[in-house]
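One structure is given below, encoded as structure tokens.
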Amino acid sequence: MRRHQIWLRTTLGVAVAAMALGFAAIPAGAQGQAAQAPPREKFSVTFVSVKPDMIAEFEHFMVTETNPALVKGGLKVREVWQTGTFGDPAQYVIVTQIDNFAMYDSPLAIERALGKDGAQAWRMRAGKFLNSVRVQAVETRPDLSWMGSMTGPPNLAVVTSVHVAMGHNADFENFLKTQLLPLIKQSGIAGYWVNQTMFGGDPNEYVTLALHANYAEIDKGPPAARVIGMEAYQKLLASVPPGTIVSLERSVARFRPDLSIVPAEAPK
């Protein structure tokens, strides 16, 4: 899972999804699920809550100042997602790859481009648009995911944040891998990605992303229910061991290529 898994490995407050929702990276042109799951990768997921009356100014600042500086500082990929219709429309999720945690011991891209004083001035300008900022580190779970046949980023994702009870991770992962995932692979959706929170949030949080081409596809119902019917799907959910899941939160996220930094060789 290389570059394009970043496309929504998040949970958009979602936490993006969010991350998280993080999102999470298929090579350009890759298709299908490999026989053996790729290694896990790590991503930084920044949840940005923008003042509702300053959304246009925030997006202009991102395109005209932030992204050019990040590119100058050497950043290759930065993907931006926004809540789509259902959820907080003033929330954005920004995803970048973590090569290793040692990278945080050195100046990051914005400071490499602008210098220490320039980066501080940039933060002050950015701050006037924002209500809050929160950063998480998430890890991809390719062993629980299905990469599908996508060769570019999806338009939409249904993002589900699942908080699992302490000590029940194995129960949840076994259900996902053996019961739910085989049905999802038959459902016709573009892909199904799973991340797990590492730092900055609940380490027992999993974020699942069901990828869709448009809202009309969501009308078909949950992916697994499309295969076995809604009644059987409800019975399947009831088979999750009692006490496994503490809470669920679901939203819709849309990719914003106009606000993102995407390599020239990647599909747009």
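The values are calculated or read from the model by the stated rules, or taken from the named source; none is laboratory data. In this text, all values refer to a predicted model and were calculated from it rather than measured experimentally. Cβ coordinates were reconstructed from backbone atoms using ideal geometry, including for glycine residues, and neighbour counts include every protein chain displayed. When the accessible area is computed, the model is the full protein with side chains, heavy atoms only, and any ligands, DNA or RNA have been set aside. Shrake-Rupley method; radii C 1.70, N 1.55, O 1.52, S 1.80 Å.
Per-structure values
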quantity: Per residue solvent-accessible surface (Å²) - region 79-124, probe of 1.4 Å; calculated: 54
quantity: Rounded to the nearest 20 debye, dipole of region 122-268 from Cβ charges on Lys, Arg, Asp, Glu; calculated: 500
quantity: Set of lysines with alpha-carbon distance to Lys72 below 17 Å, sequence-local pairs under 8 removed; calculated: Lys116
quantity: Computed lengthening from Ser132 to Met54, 0.36 nm per intervening residue step minus Cα-Cα distance; calculated: 26.7 nm
quantity: Set of aspartates and glutamates near Lys185 by C-alpha distance (under 17 Å), chain-local residues within fewer than 8 positions excluded; calculated: Asp143, Glu173, Glu217
quantity: FRET efficiency, 1/(1 + (r/R0)^6) with R0 51 Å, evaluated for Asp117 and Leu236 via beta carbons; calculated: 0.35
quantity: Loop trypsin sites (Lys or Arg not before Pro), region 79-153 (other Cβ atoms within 10 Å of the site Cβ: 15 or fewer; DSSP); calculated: Lys128
quantity: Separation of the Asn174 and Thr85 label points, Cα + 7 Å toward Cβ, nm; calculated: 3.8
quantity: Neighbour net charge for Leu176 - beta-carbon separation under 11 angstrom, K R +1, D E -1; calculated: -1
